[in-house]
Amino acid sequence: MLSAPGVLAMSELLVYGSYGYTGTLVAEQAVAGGLDPILAGRSREAVEEQAAALDCRGRVFTTEDPATVADYLEGVDVVLNCAGPFVHTAEPFVEACLTTGTHYLDITGEWQVFRDVAEHDDRATESGVMLLPGVGFDVVPSDCLAAHLHDRLPSATVLSLALGGLGGTSCGTAKTMVENIGEDGVVRRDGELVRVPTAHDDREIPFSYGDRTAMAIPWGDVVTAYHSTGIPNVTVYSETHPKTVARLRRFRRLLPLLSSAPVQKLLTWLIDRRIDGPDEQQLEEGSGELWGEATDGADRVVSRLRTPNPYALTRDTALLTARRALGGDAPAGFQTPSTAYGADLVLEVSGVERTDVGGV
Ligand SMILES: NC(=O)c1ccc[n+]([C@@H]2O[C@H](COP(=O)([O-])OP(=O)(O)OC[C@H]3O[C@@H](n4cnc5c(N)ncnc54)[C@H](OP(=O)(O)O)[C@@H]3O)[C@@H](O)[C@H]2O)c1
């Protein structure tokens, strides 16, 4: 059933990109959990089919024009945007949400998106609107871990976070990675975002399952962890085979060539044909791990988080935060998961365990 804009009662959740891989996980779980979300996206056929299957209302609109988006958000309290790459969709949604007084959540991990959304902090605070990007695996667990480490060592000046043991990716994640493939890395140094060459740094990380090489990656925490903790130096690492690190360094001057339109088109075409996203068993049985270290030069604290499969976690954290916002718990302004809901937020998700490995 498709509905016209502007005729909704309050306490409404709209999930945009609801028929993508992750959007579907979110939409199905929302309905199973008793919510009645409005399902939305740009494909009429896909929205109608999903809305009929889940017995939900549907809305069809594109995101290019914030005024159009605002028309379709009238009466909506909370938007959960699952349509990425978010460099294309976050900004119009944020503009629209500031017009309609709707709280904005998304599942981006793109550091540029966090940086740009944070620019709207003042307007959001004035309008009483919460802007909370990154309510998925990027960056709920890592942001909560950063805040926890900062609580343990408030004098910390250097924060390192590392992701390990991750399983397969979805089509949309692969496309988002491909869009950024020609970009340099980025870290936070002395409070500033600094561009660095791809794979500029690697280190051995003592994950619970053994020491593994991890490579610096341009992850959203270079923006969010700084916002959450004020720690002025932040680097994020991801477990990577040493041969891959060596190859990336050898070929990094060629990476910008992969940003050209024809290569992007080819890579996107390949992704559409080759990548499906984790199946039900992988969602059920998979896991992820985050390792974090904070130091002030003299003292050092280390903690780890064990999580379910990243896509299962994304589904659960997206809905956990959306429910909070729907219930009126939505602090105004630009927020990170931990500034909005505290360092222990992620522990509310079934299957998440935090361990303080120790201080040295
Ligand atoms: N934070 C996290 O940990 C996390 C976890 C999972 C996914 N993600 C991110 O979420 C995004 C979606 O992932 P996915 O696996 O669900 O991908 P997917 O299966 O490819 O779905 C993408 C969805 O977004 C829509 N979309 C894409 N670009 C759009 C645009 N410009 N305007 C309107 N709709 C647009 C697509 O609609 P059409 O089919 O009509 O193009 C589709 O509904 C990716 O950026 C991924 O990196 C993040």
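The values are calculated or read from the model by the stated rules, or taken from the named source; none is laboratory data. Computed from a prediction, not measured in an experiment: that's the story for all the values here. As a convention, Cβ positions derive from the backbone with ideal geometry for all residues, glycine included, and neighbour counts pool all protein chains shown. Remember, those area values only see protein heavy atoms, side chains included, never the ligands or the DNA or RNA. Shrake-Rupley method; radii C 1.70, N 1.55, O 1.52, S 1.80 Å.
Go through A32, A51, A83 for me and flag whichever is open to solvent by 10 Å² or more (accessible area, probe 1.4 Å) and either hydroxyl-bearing (S, T, Y) or more than 13 Å from the ligand (Cβ to nearest atom) (or both).
A32
Kindly provide the set of residues from the stretch 15-30 that are touching a Pro at 6+ places or on another chain (Cβ under 7 Å) and more than 17 Å from E280 (Cβ to Cβ), ordered by number.
V15, A30
Select from the stretch 209-227 the residues that are within 18 Å of V301 (Cα to Cα) and open to solvent by 70 Å² or more (accessible area, probe 1.4 Å) and list them in ascending order.
D211, Y226
Could you check the stretch 189-199 and list, in sequence order, the residues that are open to solvent by less than 60 Å² (accessible area, probe 1.4 Å) and within 12 Å of M215 (Cβ to Cβ)?
Those that are open to solvent by less than 60 Å² (accessible area, probe 1.4 Å) and within 12 Å of M215 (Cβ to Cβ): V196, T198, A199.
A quick yes/no check of all residues on (1) part of a strand (DSSP E or B); (2) under 20 Å from N81 (Cβ atoms); (3) open to solvent by 10 Å² or more (accessible area, probe 1.4 Å):
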{"site": "A294", "(1), (2), (3)": "yes, no, no"}
{"site": "G297", "(1), (2), (3)": "no, no, yes"}
{"site": "V301", "(1), (2), (3)": "yes, no, yes"}
{"site": "R306", "(1), (2), (3)": "yes, no, yes"}
{"site": "A312", "(1), (2), (3)": "no, yes, no"}
{"site": "L319", "(1), (2), (3)": "no, yes, yes"}
{"site": "A325", "(1), (2), (3)": "no, yes, no"}
{"site": "A330", "(1), (2), (3)": "no, yes, yes"}
{"site": "V357", "(1), (2), (3)": "yes, no, yes"}
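Filter the stretch 86-113 for residues that are within 11 Å of the ligand (Cβ to nearest atom), in contact (Cβ under 8 Å) with a residue 40 or more places away in the chain and assigned to a helix (DSSP H, G or I) and give the result.
Result: A90, F93, V113.
Return a yes/no flag: does the stretch 161-170 have any residue that is of a type outside the set (D, E, K, R), farther than 28 Å from L290 by Cα and open to solvent by less than 10 Å² (accessible area, probe 1.4 Å).
no
Of the numbered conditions (1) assigned to a loop (DSSP other than H, G, I, E, B); (2) open to solvent by 10 Å² or more (accessible area, probe 1.4 Å); (3) within 16 Å of the ligand (Cβ to nearest atom); (4) touching a Leu at 6+ places or on another chain (Cβ under 8 Å), S11 fails exactly one; give the number of that condition.
Result: S11 passes all but (3).
Report the residue count in the stretch 54-80 for those that are of a type in the set (D, E, K, R) and within 15 Å of the ligand (Cβ to nearest atom).
Adding up the residues that qualify gives 3.
Taking the criterion of being of a type in the set (A, V, I, L, M, F, W, C), in the same structural domain as V129 (by TED's automatic domain parsing), out of contact with any helix residue (DSSP H, G or I) (no Cβ under 7 Å at 6 or more places or on another chain) and open to solvent by less than 20 Å² (accessible area, probe 1.4 Å), would at least one residue in the stretch 54-75 satisfy it?
no
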